[in-house]
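Every number here is computed from the coordinates shown, using simple stated rules; none is lab data. Bear in mind that the values here come from a model prediction, so they are computed numbers and not experimental data. Every residue, glycine among them, receives a Cβ derived from its backbone with ideal geometry; neighbour counts consider all protein chains shown.
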Amino acid sequence: MLTHYLDLIRRAHKEHWAIGAFNTSNLEITQAIIEAADELQSPVIVQTSEKAIDYAGLHEIASLVISLASHVRIPVILNLDHGRSFDIAEQCAAEGYTALMRAASLLSFAQNVAETKRVVQLARRYHIAAEGELGVAGDEEGGIEAKKLIIDPDEARKFVKETGVDILAPAVGNEHGYAPGMRIDIHALQRIQRAVPETPLVLYGSSAFSERDIAASIRAGVVKINVDTDLRHAFSESLRRNLSEHASLYDPRGILGPAKDAVKAKVKEKIVLFGSSGKGNA
């Protein structure tokens, strides 16, 4: 069922587990995400970037997720990931998205506050959740140059107070995409969480982190973990292997089916790691 995540993130925050936020751009990946979550009885966030929306179409990708969500009983959240403008957030809200993320950290602090606050107010009108971002951490999806930053806890406190965001994505030395050897600054996460104790945190760049770092980040207050690059790798590697081993394949179902299965297995792996398995039916 399609829902918002306000109650879920509060529960996850209290119980120290996290919800996977998995990016999609097509039918097979969306099916894999929702089927995996349903089989493990886990709540799940399905999210689309602006590039995914450009590729699949806003109405089309929203309708796909909403339709698939209607056939399962677990909570499914449809989230705009790294929205670059108020306009796209407004369009997504009108299409039925149940969470919005405004990525304005490339702007000055004052501009980031102003832009994020607009999206928070929009979300309130639709009774859905709003996420904000502090710090530039690179964006493989949007082509932003990576800059490793650590957010000051006082800045985080001020940002949350002035914007009213439901959930905060802070830069803590991480980057979007995949950067081998990258480590989360857990102490920075802890300091930020102490500064905004009632505000759950978001972790991006999770494809590069060890299971130990992921577990530590959840204990430090992270309740939403973005997963994109790992799914792309699973999909594309399966596709290449399948076509290499079966060069005569021409049926799209035979070509894409194993790729979908590979994504599904990866989503299940992440759900178990994040501790949300079995939390979707309570």
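Given R0 = 22 Å, the distance between the Cβ atoms of residue 255 and residue 55 translates into a calculated FRET efficiency of 0.75.
Could you order peptides 213-223, 47-57 by the average number of other Cβ atoms within 10 Å of their residues, highest first?
Working: 213-223: 21.0, 47-57: 18.9.
Packing proxy ranking, top to bottom: 213-223, 47-57.
To the nearest 0.05, how large is the calculated FRET efficiency for residue 124 and residue 281 if R₀ is 30 Å and r is the Cβ-Cβ distance? Could you put the intermediate results ahead of the total?
On the way: r = 29 Å, r/R0 = 0.95.
Working from the Cβ atoms, E equals 0.55.
Based on C-alpha pairs under 8 angstrom that are at least 6 apart in sequence, segment 196-282 has a relative contact order of 28 percent. Taking 39, 245, 155 in turn, the Gaussian network model of the chain (Cα-Cα springs below 10 Å) assigns the largest fluctuation to 245. DSSP beta bridges confined to the chain are antiparallel in about 5 percent of cases. Of the peptides 69-78, 225-234, the order by per-residue mean of other Cβ atoms within 10 Å, starting with the highest, comes out as 225-234, 69-78. Our estimate of slack between residue 158 and residue 272, defined as 0.36 nm per intervening residue step minus the Cα-Cα distance, is 37.6 nm. For segment 1-132, the relative contact order works out to 25 percent when only alpha carbon pairs closer than 8 Å and six or more residues apart are counted. Measuring nothing but how far apart in sequence close Cα pairs (under 8 Å, 6+ apart) lie, relative to its length, segment 6-281 scores a relative contact order of 23 percent. Listed from fewest to most Cβ neighbours within 10 Å, the set 236, 248 follows the order 248, 236.
What residue among 191, 241, 157 shows peak mean-square fluctuation when the chain is described by a Gaussian network model with Cα springs under 10 Å? Result: 241 has the largest fluctuation of those listed.
Quick one: putting +1 on the C-beta of Lys and Arg, -1 on the C-beta of Asp and Glu, what dipole do you get for segment 47-99 around its Cα centre, in Debye to the nearest 20? If you can, show how the numbers build up before the last one.
Values: 3 positive and 7 negative charges, 50 e Å.
Result for segment 47-99 is approximately 240 debye, rounded to the nearest 20.
Between 83, 254, 205, the residue with the greatest mean-square fluctuation in the GNM of the chain (Cα pairs under 10 Å linked by springs) is 254. Counting lysine pairs in segment 210-282 whose alpha carbons fall under 15 angstrom apart, excluding pairs fewer than 8 residues apart on the same chain, gives 5. Residues in segment 182-198 near a label at residue 210, defined as backbone nitrogen under 19 Å from the 7 Å Cα→Cβ point? Those under the cut-off are 182-190. Note on the chain: Cα convex hull, mean projected area over all directions, 13.7 nm².
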